[in-house]
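Everything below concerns the one structure shown next.
Just so it is clear, none of the values below were taken in a lab; they were calculated from the coordinates. This structure is a prediction, so every number in the text was calculated from the model and none was measured. Don't worry about glycine lacking a Cβ; one is built from the backbone with ideal geometry, like all the others, and counts go over all protein chains shown.
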Amino acid sequence: MSLGTVTPILRMFDVDKTKDFYVGFLGFNVDWEHRFEEGLPLYMQVSKDGCVLHLSEHHGDGSPGSAIRIATTDIDEFHQRLLASGYRYSRPGVMDTAWKTREMTIHDPASNRLTFSTAVDVDQ
């Protein structure tokens with residue numbers, strides 16, 4: 001018996017702002033979108049490298065203000081890319097933590113909190 005990967009479902013309210021944030025700012029790709037019919041809520045998957053997220057307009061799918069942590073291999077490089085993007089709604093900073101990580105926290109348009117984290121090599 002083994003467990004598989006986890007795919008968080010985050011709430012969204014504005015599809016255009018959500019795509020601008022995840023695709024335009026963070027560099028994710030939209031893998032697929034689903035609506036039961038025109039005019040009904042959107043459910044979609046976005047991904048970047050090994051990170052897969054589901055975003056949903058459906059009432060009851062996730063709570064606005066949820067928090068997730070995403071492991072990142074080089075937080076400083078990612079941080080510089082985000083600052084260079086010119087996205088006008090967020091200018092995140094990076095901080096060192098007592099638990100030996102460097103972290104960058106960003107809120108999406110639905111106030112979900114994404115914390116990107118890189119482990120710090122304590123032997124250096």
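Output the residues belonging to the range 60-74 that are aliphatic (A, V, I, L, M) and closer than 17 Å to His107 by Cβ. Full working, then the answer.
Just the residues of the range 60-74 that are aliphatic (A, V, I, L, M), to begin with: 67-68, 70-71.
The answer is Ala67, Ile68, Ile70.
The one condition from (1) in contact with a strand residue (DSSP E or B) (Cβ under 6 Å, 6 or more places away or on another chain); (2) within 21 Å of Thr5 (Cβ to Cβ) that Lys48 does not meet is (1).
Scanning the range 75-86 for any residue that is assigned to a loop (DSSP other than H, G, I, E, B) and of a type outside the set (Gly, Ala, Ser) turns up nothing. Can you find a residue in the range 35-42 that is touching a residue at least 24 places away in the same chain (Cβ under 8 Å) and surrounded by 12 or more Cβ atoms within 10 Å (Cβ to Cβ)? Within the range 35-42, one or more residues are touching a residue at least 24 places away in the same chain (Cβ under 8 Å) and surrounded by 12 or more Cβ atoms within 10 Å (Cβ to Cβ).
Only one entry in Asp61, Asp121, Asp20 is charged (D, E, K, R), outside any strand (DSSP E or B), over 15 Å from the mean Cα position of the chain (by Cα) and surrounded by 12 or more Cβ atoms within 10 Å (Cβ to Cβ), namely Asp61. Among the residues of the range 68-104, what is the count of those that are surrounded by 12 or more Cβ atoms within 10 Å (Cβ to Cβ) and touching a Lys or Arg at 6+ places or on another chain (Cβ under 6 Å)? So the answer is 2. Restricting Arg88, Arg81, Arg102 to those that are out of contact with any Pro (no Cβ under 6 Å at 6 or more places or on another chain) and more than 16 Å from Asp20 (Cα to Cα) reduces the list to Arg102. Taking the range 23-41 as the range and being hydrophobic (A, V, I, L, M, F, W, C) and part of a strand (DSSP E or B) as the test, the residues that pass are Val30, Trp32.
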